Amino acid sequence: DFEDLQDPYGIQFWPTFKGRDGCRTPMVWNSGNMNAGFSEVAPWLPVPPEHIHSAVSEQEQASGSLLNHYRDVLAFRAQHPAFAKGKIRFVHVSDEALVFERAHQGTTILVAYNMSDKEISISLPNSGFEPLEAKFATGEMQGADLTLPAYGSFFATAI
């Protein structure tokens, strides 16, 4: 609402431009607490009711939530130092796919992403890779052929 605005640009250009306040609202921590657990007093900007379902307390309970997805991705990355420290080599196999290798201290990891909204099949440069298990990896490899669902991913280590 206009009376809730804090952003000077939102106030000046209302209603054509509503400002940046909608994306700067308080973090929603606990759906059952006052102000969604952000504060015991009224915060500078109100907590929109439609944000409550995104509270950390709600997302922690849902295995497929964005919060748990990021936790899984970060844990996977921490298990493989090549992701953070490795040299990178891009492999062009298709305009729809982003494929690269990360190499560090004798370990090479292949990463493939389908950047399109359709399933794709690509041929990798070689079949010397073994899939890495990751909850969020959706691709399937047979020999040097890889099938990736729409926006899918695949991770493998060189054998």
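Selection within region 60-94: residues that are assigned to a helix (DSSP H, G or I) and polar (S, T, N, Q). The member of this set that is most open to solvent (accessible area, probe 1.4 Å) is 79. Does residue 57 satisfy the criteria of being open to solvent by less than 70 Å² (accessible area, probe 1.4 Å) and in a helix (DSSP H, G or I)? Judged against the criteria, residue 57 is a match. For residue 135, the criteria (1) surrounded by 15 or more Cβ atoms within 10 Å (Cβ to Cβ); (2) under 23 Å from the mean Cα position of the chain (by Cα) hold in every case but one, which is (1). Look at (1) closer than 30 Å to residue 31 by Cα; (2) without any contact (Cβ under 8 Å) to a residue 12 or more places away in the chain; (3) touching a strand residue (DSSP E or B) at 6+ places or on another chain (Cβ under 9 Å) and you find that residue 76 fails only one, number (2).
Can you find a residue in region 111-121 that is at pLDDT below 95 and either farther than 30 Å from residue 27 by Cα or under 14 Å from the mean Cα position of the chain (by Cα) (or both)? No, that holds for no residue. For region 133-159, give me each residue that is in a strand (DSSP E or B), touching a Ser or Thr at 6+ places or on another chain (Cβ under 8 Å), in contact (Cβ under 8 Å) with a residue 24 or more places away in the chain and of a type outside the set (Gly, Ala, Ser). Passing the criteria: 145, 146, 147, 148, 154, 157. Here residue 97 clears all of (1) open to solvent by 50 Å² or more (accessible area, probe 1.4 Å); (2) within 19 Å of the chain's Cα centre (by Cα); (3) not acidic (Asp, Glu) except the condition numbered (1). Picking from residues in region 29-71 that are of a type in the set (Gly, Ala, Ser) and in contact with a Ser or Thr (Cβ under 8 Å, 6 or more places away or on another chain), the one that is farthest from residue 3 (Cα to Cα) is 57.
Pick out the one residue from 116, 127 that is in a loop (DSSP other than H, G, I, E, B), without any contact (Cβ under 8 Å) to a residue 40 or more places away in the chain, open to solvent by less than 40 Å² (accessible area, probe 1.4 Å) and farther than 28 Å from residue 61 by Cβ. Let's see the steps before the verdict.
Working: 127 fails: open to solvent by less than 40 Å² (accessible area, probe 1.4 Å).
None of the others qualify; the one that does is 116.
Residues that are crowded, with 16+ Cβ neighbours inside 10 Å, small (Gly, Ala, Ser) and within 27 Å of the chain's Cα centre (by Cα) within region 1-52 comprise 19, 31, 36, 37, listed in sequence order.
The values are calculated or read from the model by the stated rules, or taken from the named source; none is laboratory data. Here the structure is a predicted model, which means the values were calculated and not measured. Positions of Cβ are generated from backbone atoms using ideal geometry, with glycine treated the same way; all protein chains shown enter the neighbour counts. These accessible areas exclude ligands, DNA and RNA; they are computed on the full protein's heavy atoms, side chains included. Shrake-Rupley method; radii C 1.70, N 1.55, O 1.52, S 1.80 Å.
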